[in-house]
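Let me begin by presenting the structure, written as structure tokens, before commenting on it.
The values are calculated or read from the model by the stated rules, or taken from the named source; none is laboratory data. No experiment lies behind these values; they were computed from the predicted model shown. For neighbour counting, all protein chains shown are included, and Cβ atoms are generated from backbone atoms with ideal geometry for every residue, glycine included. Ligands, DNA and RNA are excluded from the accessible area calculation, which covers all protein heavy atoms including side chains. Shrake-Rupley method; radii C 1.70, N 1.55, O 1.52, S 1.80 Å.
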Amino acid sequence: AVIRKIQEVRSMYAESPIYVVSDGGLDFSAACASVGKCHFSWRPPANDRINPKPFLARFRDAALWLHAEYVVMLEPDTKLNGPITHPPTADAGGVRDVWNPELSKGLCEYMTAMGKKRRPDFVLRWRHWGLTGGTYIRAAAALDAFDADLVDWETVELLEDGKVYDSDVAMPIALSIRGFEFEPWLDAGQEGRQTHVPAFEHAWSKPYYNQPLTEDETKLVAGPHPGYGNVTCRGCIWQLDEERGFDLMGGFWLNMTKAGGPGRTQLLGSAGRRSELCFFWPTYPPHFKVTSIRLELQSSLAEVNDGAGVPAQYVLFDNSDLLREFCRRYAAACALQGAHGFTLMSLMELADFQQLYGACASNAYRRDGRCSLAGWALWQSMKKLLGTSSLHARCSRVWLADSESFPFRRYSVAALAQPHAHQVLWPYADWSTRSQEGCSGRIGSLFGQPDCIMSLAKRFAFKSESERYSGDAFAKQAWWELNDFWMTTPAFVQATVLYLLNKSAQVTDESFISLVLREGPIPDVQLLARASYIMLDRSVRAVNAVEELQHTFPEAFDRCCSCKADQGRHDSNGTRQAIEGGPVPCWAGEHFVGPCLRGHTGAGPLADFVFSKLGIFSLSAQNGMFTTPEALDVLLGGPSQIAFVHNNAYTAPVYEALAVSAAVPGSVKDVLARNRELFYRGVGKITRLDAYTSVGGATKAR
């Protein structure tokens, strides 16, 4: 019955995500995988149909993963008769179960009084219950109300009886006391109880029950997990699955054989076929919540039928305690297919880890020149550098952005990788090739970024031996980074590490950590580096955005771009001229969405240029792309695959732009609305290293 239900849902609702949870029963992972856009979660037996604590928590996990505006709850005996024809009109809707007795007068009065406390206009629309197979529930309502700890179960049981613990009664109670309304729905019915044909029908006849599996179907199911007994009691399980000792991390935690990398660093072993594009980022306790949001959005918005499969997501934690803490708090995120976590401790020898931690914790790291890092910033930088390098066997390409990045519309992993198919593109902007005296851009301000080690490693490949990172020669190289749009290959990072070691090591077999912590040699190496040394596999290619723009849109370039347009007038706002119109320097992201270029190229061609020619599929929250709805719409039009925002994206301008954009689906807007306070209050940053590396720090950062 479960296999047929999964297949029927996919046949009738081809694009809808499916979430299947087994209450201590069989494992339907293969059945889910066979239809795509389906996640299976095995949970320990709790008889959750009569134990609301695990039931409500599991429903909430499902709503988080599905990222839909509404969730339809099916049971193995729910018949699918046809498509939905009656849109939802309440927060929840179920069967018109007039054959069931009404809830007691006392309970109805209690539910009404509690609902009005939360919402003065609350009305108890239905005095039965009826939230059985075929029920719809607004995801936002489930995420708010489905917490068993919010219900006074002793009171509601006294007002009714023991059936308050049944799922189809517990849900109306939980919804009502939080001010959410439920009512009968014409597309939910009970077999033989109505004259019309609903979309979903709870069937007395139990179709497909006890029918033997075909040979092919046996491959879609596996036996239950051993070591758990049956639960038969009602209202007796008052612990979450993870509190009962169940490991919700599943395949999230990578604990596997490692191979030696450059400078005594470690590389993760192969996971089979290499992913063409991996999403990788380090996280720490203050960013755990946004990490869970990013994992879930990247999973739910990915097109999985494009040959690329589910997105490969890798999150680097400092140690195993923090990884466990993350999965304890965000079990649904850790259960996502294709999502993995690993630790910094696993990527280096213990002595190197202790040496790095000691230097960073005491801020005993300093360097001359432009790249000066506090201890916490160096710590984060090393996580990015070593984490990217370690993915060599698993990822052909890696997009590294911070935890505060996320997709805001559907995307195709294969499409994102396509512009980088032959070589990873590194877009930069350089007016010096135009032979115009005095033309330059800005790069110095970017050296203050926490990941400056990697920014330096990226940039020094394009400096000649005679140049220095100072004065006019330094200013001539203006990079278009879209604020840390860091697309690379693990092979390039490894080659960079090896080059630094070979040119700088003063001790035989020195570790890379020792090299980084030793003062002095790295800046000198960066001055001497040349692309011919470190681009050993030629896996990256620099693309001058200025030249590409002139080649693609010559007339628009002549009319709208002038390197001297803002000489002496470009201030920290960075968007004033682009918005007002007229010539702009055309080297920063906001310049490409100004009215002049928009008017002379058209929104669609300009968006396709940014994506196809420059390889950019994410907009920075820091460079003016979100200053106006018009600017955002330019880059989301036409065939553009731009679908992400990155670099401290939880800001008010980002929220306000995405909230009104027609390109952003309602399910994503619901996620943003539920987390609105993050955009206006800020995610926050803690610069004490103990907040990175201890569960105590995680607790303080909640």
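Using a cut-off of 27 Å between Cα atoms, the listed pairs K116/K163; K79/K116; K37/K613 include K79/K116; K37/K613 as exceeding that distance. Averaging Cα coordinates gives a centre for region 83-132 and one for region 156-223; these two points are 15 Å apart.
Distance cut-off 25 Å, Cα to Cα: go down the list K117/K289; K289/K669; K5/K289; K117/K669 and report the pairs above it. Beyond 25 Å between Cα atoms: K117/K289; K5/K289; K117/K669. Contact order, relative form, for region 23-143: 32 percent (alpha carbon pairs under 8 Å, 6 or more residues apart, mean separation divided by residue count).
Excluding M111 itself, what net charge comes from residues whose Cβ is under 13 Å from its Cβ, given Lys and Arg +1 and Asp and Glu -1? Kindly include the intermediate steps, with their values, before the conclusion.
On the way: positive: K105, K116, K117, R118, R119, R125, R127, R178; negative: E102, E109, D152, E160, E181.
Around M111, the charge tally is +3.
Solvent exposure of region 1-75 amounts to 34 Å² per residue of accessible area, where only protein heavy atoms count and the probe is 1.4 Å.
In terms of the mean number of neighbouring beta-carbon atoms within 10 Å, the peptides 396-402, 273-279 order highest first as 396-402, 273-279. Provide the net charge surrounding S11, with neighbours chosen by a C-beta distance below 14 Å and charges set as Lys +1, Arg +1, Asp -1, Glu -1. Taking every other residue near S11 into account, the sum is +3.
Which order, highest average first, do 665-671, 489-495 follow once you tally other Cβ atoms within 10 Å for each residue and take the mean per peptide? Don't jump to the answer; show the numbers that get you there.
On the way: 665-671: 17.9, 489-495: 23.1.
Output ranking for 665-671, 489-495: 489-495, 665-671.
With a Förster radius of 30 Å applied to the beta-carbon distance between A30 and Q239, the computed FRET efficiency rounds to 0.55.
Determine, for each peptide in 179-191, 79-91, 209-221, the mean count of other beta carbons within 10 angstrom over its residues, then list the peptides with the highest first.
179-191, 79-91, 209-221
Rolling a 1.4 angstrom probe over the protein heavy atoms with all chains in place gives region 80-158 an accessible area of 47 Å² per residue.
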